[in-house]
Amino acid sequence: MSDKIDLRFGSNDVRLTPREWAIALPAIVAVLSLMPVVWAFIEPLRLEPDHRLPFSLGNDYWMYGRLCRAAAAQGKTLVVGDSVVWGHYVPKEETLSAHLNRLAGEERFANLGVDGIHPAAMLGLVEHHGEAIRRRNVVLHCNLLWTSSPRHDLSTEKEFPFNHPTLVPQFAPRIPCYREPFGERLGIAIERRLPFHAWKKHVQIAWFGGSDVASWTLGHPYECPVAAVTLELPSPNEPPSPRPDARPWAEQGLARQSFAWVELDQSLQWRLFRQAVQLLRSRGNRIFVVLGPFNEHMLTEESRAAYAARRLAVEDWLSYHNIPYFCPDPLPSALYADASHPLAEGYELLARQLFANDAFITFDRSRK
Amino acid sequence: MLFHTWVFAVFFLVVYPVYLATRGTRLQIPWLLFASYVFYGWWNPLYLLLIVTSTSADYLAVLGMSRGHRRKPWVAFSVLVNLGMLAFFKYAGFVTQSLNDFFQAVGIPYAVPVPDILLPVGISFFVFQSMTYTIDCYRGAMDREPCFLRYATYVSLFPQLVAGPIERSTNLLRQLRERPPITRHDVADGLSLFLVGLFKKRALADYLAMYVDPVYARPDQFGGLALLLATVAFAWQIYFDFSGYTDMARGLGRMMGLRLMLNFRNPYLATGLGDFWRRWHISLSTWFKDYVYLPLGGNRKGEVRTHVNMAATMVISGLWHGAKWTFVIWGALHALGRVATRRLESTQFYAERIPTTVKRLLVFAFVAFAWVFFRARTVGDAWLIVRRIFGAAWADPRFPLLAIGLLAAVWAYQWVYESKLRDALLASSPVRTGLAVSMALYIAFCCGGGDKAFIYFQF
């Protein structure tokens, strides 16, 4: 037999005593916990009029949370939703919240839309990163486009990549097209509860092209990572990439569509939208839902009838739960860029309609 | 289940408190066995059939030995079952493919069907560990373990199950019997080892892999300097990857009151190839020494036979790593190197006249050169890399300065660790604490969230 088995402690260890660990562990936890808080003081947040999350920070949930805190601190009414609220086809001065501000005569509404988000992800966003908007007035946009096909609804069994997978429910309810391994989901479920993780992603997205520092050095081998953190953030007015064609849908050559609508009582996105509503209400938010306006001009007769039935069902649910809402008639056809996104004039018209709506006026007056 | 993932964190946070709570009771070993099987079955529950087969065969073999007069057939049975499993799962594809290549080369129009077998994770490790018990019992170095569950726990203990250290029954099985107490110093030591291992894996090995992988995937696309740097980077990557795993395994073991053997001892500070193999994957090299080299005759049968034994052991060791000709060549290169330098290393000239730093650099250069064959996808790729290192233009390699800085820091740390400065530096509590905090924060701030598997899992 070879010499006695070597059971020495280590060969290049850093061996801490229990007492040293009692110092090291709290120190590590303190740095990781305080970093996101301290960073908010280091990194200037220059809020512009009608500010919105810069397009390239669309996955930066820490920044979203920061915008929520800033808007909530100013007592604004928060307009929450997908790219319709964010204003995919328009500059930030032409979004729904911008037009509402113009009509209100003051910066009263904050654009908390996120380009590319959908109800399943919106639930996670509000739950994990929107804590600051607790007890505030929230205008929540409901876009039935997300029920327009099993794929939009995420209820298809066929796996495909979709936006914001780290925000969707990881275990329940089951999302059929989401097939991440259990370990991956568990990691996501844990990490999204850690403010440090969201902050780290913010730094990566803002200055390291979305990759971690180590990976970034491979593309920039002779640059100093610390120098890359310039604290300069993208403009909220940067257009989406690729730049969208901001012309009426008919001019773009888009044809009428016949959607394979998902039954509302089986729709995953509708179910998760309702959960988001319940979550906000449980947090003391006063909610006003804007349903649509969907571009019904773009639908075939059959599809339009199916849409109308769903719209009615949503209205019933909102009424039943005493949630004030506004469901405008479709805007003129030329004011839509696609199936659900208005153009600038469309937003203006929608804002005017809202300000003429009694339920909205009552809701707006309830703002603290 | 990888140590550096959230799944493992949750797993350990469940397993460890129950392990502590059941300490001193009859439930502790069953719980540890259950946890270990969950850990291993996480990859594929069918793999459990293999580990149960290997465990049962060796338990039965030793039981048979203890009850009968004929002991040899039982050892043969154990070796046959274990090596048979290894041969089937690891080498069947390699052997049939090599046969087909041979048939094609000599113009025989026949091809053996190549079996498409998935290699179970860590099979080479647990098979060796299980077999060790039977051989040790046969030699009288170990007494029979009456409790099957305890023996099964020894074979499958989750911290070291899939990539070692390959424990001897004389060490680990005895500890499982005696159940040494767990002190807060054990927990602190375990955390220390785990942190260092995690740093090696996440901050160093995975980082270097990002440079090495694309270069070795397309060696024809890179210049000589890039290939050279990728080779040096791989030498460090595999060390950090494997020793990082070992450190984490030993740390977990320590927290559970179990002392697993040292597996690495700053191998790149070795001053000779013999010294290198006393520092690199110690549990495997001593295994081969005890169960292959010495039974072959070791150095007791003259100079020539010693060299033959040494070379055979190295080639088998190469083949143990994987069923590819690249591993065979890697083993053969080390065999050649060892045979060629054995005499030299024992001379006074080498010991006294050549500066230690030069010796270390020479050993590192040779070991890194051999790693080319270990890492390359094919023998053809390996030759291409060697040729291009010396022949292709040395264009800008775009090797990150951060990687150079990290490697320099680690090399300096290892050098300090083996020098007289060690006590002066590491005796200082603020230095140790500061190092630990820095490592943890570096991992948190700078490393990605990937879950890259350990290199040695494939063996």
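The values are calculated or read from the model by the stated rules, or taken from the named source; none is laboratory data. Keep in mind it's a predicted model, so treat the numbers as computed, not measured. When we count neighbours, we look across all protein chains shown, and the Cβ atoms used for this are built from the backbone with ideal geometry, even at glycine.
Within the range B:121-229, which helices (runs of 4 or more DSSP H) (wholly inside it) include 3 or more residues that are out of contact with any Ser or Thr (no Cβ under 8 Å at 6 or more places or on another chain) and buried (at least 22 other Cβ atoms within 10 Å of the Cβ)? First the steps, then the outcome.
Values: elements: B:123-139, B:148-156, B:174-178, B:184-198, B:206-217.
Answer list for the range B:121-229: B:123-139, B:184-198, B:206-217.
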Failed item in (1) within 24 Å of B:Phe158 (Cα to Cα); (2) more than 11 Å from chain A (Cβ to nearest Cβ); (3) within 23 Å of the chain's Cα centre (by Cα), with B:Ala233 passing the rest: (1)
Residue match in the range A:131-150 (condition: of a type in the set (A, V, I, L, M, F, W, C) and on the phi > 0 side of the Ramachandran plot): no
Pairs where the first residue, in the range B:396-423, is at the interface with chain A (Cβ under 9 Å from one of its Cβ atoms) and part of a helix (DSSP H, G or I) and the second is of a type outside the set (S, T, N, Q) and surrounded by fewer than 16 Cβ atoms within 10 Å (Cβ to Cβ), C-beta under 7 Å, 6+ apart: B:Leu401/A:Tyr222
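Considering each of B:Leu176, B:Leu193 in turn, give the residue that is more than 11 Å from every other protein chain (Cβ to nearest Cβ) and either under 17 Å from the mean Cα position of the chain (by Cα) or touching a residue at least 24 places away in the same chain (Cβ under 8 Å) (or both). First the steps, then the outcome.
Numbers: B:Leu193 fails: more than 11 Å from every other protein chain (Cβ to nearest Cβ).
Being more than 11 Å from every other protein chain (Cβ to nearest Cβ) and either under 17 Å from the mean Cα position of the chain (by Cα) or touching a residue at least 24 places away in the same chain (Cβ under 8 Å) (or both) holds for just one of B:Leu176, B:Leu193, which is B:Leu176.
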Filter result (surrounded by fewer than 17 Cβ atoms within 10 Å (Cβ to Cβ) and of a type in the set (Val, Ile, Thr)) within the range A:199-236: A:Val226, A:Val229, A:Thr230
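Taking the conditions exactly as written (closer than 26 Å to A:Ala250 by Cα, at pLDDT 95 or above and either surrounded by fewer than 17 Cβ atoms within 10 Å (Cβ to Cβ) or not charged (D, E, K, R) (or both)), does A:Pro332 satisfy them or not?
Working: closer than 26 Å to A:Ala250 by Cα: yes; at pLDDT 95 or above: yes; either surrounded by fewer than 17 Cβ atoms within 10 Å (Cβ to Cβ) or not charged (D, E, K, R) (or both): yes.
It is true that A:Pro332 is closer than 26 Å to A:Ala250 by Cα, at pLDDT 95 or above and either surrounded by fewer than 17 Cβ atoms within 10 Å (Cβ to Cβ) or not charged (D, E, K, R) (or both).
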Residues located in the range A:354-363, provided they are in contact (Cβ under 8 Å) with a residue 12 or more places away in the chain and either assigned to a loop (DSSP other than H, G, I, E, B) or closer than 14 Å to A:Arg102 by Cβ (or both): A:Leu354, A:Phe355, A:Asn357
Residue in the range B:12-29 that is in contact with a Leu (Cβ under 6 Å, 6 or more places away or on another chain), more than 14 Å from every other protein chain (Cβ to nearest Cβ), farther than 24 Å from B:Pro115 by Cβ and in contact (Cβ under 8 Å) with a residue 60 or more places away in the chain present: yes
The range B:350-391, subset out of contact with any helix residue (DSSP H, G or I) (no Cβ under 6 Å at 6 or more places or on another chain) and not in a helix (DSSP H, G or I), residue surrounded by the fewest Cβ atoms within 10 Å (Cβ to Cβ): B:Pro355
First in the range B:269-286 and without any contact (Cβ under 8 Å) to a residue 40 or more places away in the chain, second anywhere and outside any helix (DSSP H, G or I) and of a type outside the set (A, V, I, L, M, F, W, C), Cβ under 6 Å, 6 or more apart: B:Arg279/B:Arg265; B:Thr286/A:Ser2
Pick from the range A:39-49, criterion surrounded by 12 or more Cβ atoms within 10 Å (Cβ to Cβ) and not small (Gly, Ala, Ser), ranking: nearest to A:His99 (Cα to Cα): A:Leu47
Lone qualifier among B:Ala9, B:Ala105, B:Ala76 - being without any contact (Cβ under 8 Å) to a residue 12 or more places away in the chain, within 14 Å of chain A (Cβ to nearest Cβ), hydrophobic (A, V, I, L, M, F, W, C) and not in a loop (DSSP other than H, G, I, E, B): B:Ala9
The range A:199-226 residues that are at the interface with chain B (Cβ under 7 Å from one of its Cβ atoms), paired with ones that are of a type in the set (Gly, Ala, Ser) and crowded, with 17+ Cβ neighbours inside 10 Å (beta carbon under 7 Å, 6 or more apart): A:Asp212/B:Gly448; A:Ala214/B:Gly448; A:Ser215/B:Gly448
Residue check, A:Val14 crowded, with 22+ Cβ neighbours inside 10 Å, more than 30 Å from B:Leu296 (Cβ to Cβ) and within 14 Å of another protein chain (Cβ to nearest Cβ): yes
Subset of the range A:227-260 (residues that are assigned to a loop (DSSP other than H, G, I, E, B) and either among the polar types (S, T, N, Q) or within 12 Å of another protein chain (Cβ to nearest Cβ) (or both)): A:Val229, A:Thr230, A:Ser235, A:Asn237, A:Ser241, A:Gln252, A:Ser258
Some residue of the range B:15-26 being aromatic (Phe, Trp, Tyr) and more than 19 Å from B:Gly253 (Cα to Cα): no
Filter result (surrounded by 14 or more Cβ atoms within 10 Å (Cβ to Cβ) and either free of Cβ contacts under 8 Å to residues at least 12 places away in the same chain or within 17 Å of B:Ser98 (Cβ to Cβ) (or both)) within the range B:321-349: B:His321, B:Gly322, B:Ala323, B:Lys324, B:Trp325, B:Thr326, B:Phe327, B:Val328, B:Ile329, B:Trp330, B:Gly331, B:Ala332
Flag for A:Glu232 being among the acidic types (Asp, Glu) and over 28 Å from A:Pro36 (Cβ atoms): no
Among residues of the range B:428-459, those that are at pLDDT below 80, more than 10 Å from chain A (Cβ to nearest Cβ) and in a loop (DSSP other than H, G, I, E, B), counted: 4
Residue match in the range B:160-173 (condition: over 30 Å from B:Ala235 (Cα atoms) and more than 14 Å from chain A (Cβ to nearest Cβ)): no
Restricting the range A:261-302 to residues that are in a loop (DSSP other than H, G, I, E, B) and β-branched (Val, Ile, Thr), the residue that is nearest to A:Val90 (Cα to Cα): A:Thr300
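Output yes when any residue across the range B:208-217 is touching a residue at least 24 places away in the same chain (Cβ under 8 Å) and of a type in the set (Gly, Ala, Ser), and no when none is. Lay out the reasoning, then the answer.
Step one: filter the range B:208-217 for residues touching a residue at least 24 places away in the same chain (Cβ under 8 Å), giving B:208-209, B:211-212, B:216-217.
Next, from what is left, pick out any that are of a type in the set (Gly, Ala, Ser): B:209, B:217.
Scanning the range B:208-217, I find at least one residue that is touching a residue at least 24 places away in the same chain (Cβ under 8 Å) and of a type in the set (Gly, Ala, Ser), so the answer is yes.
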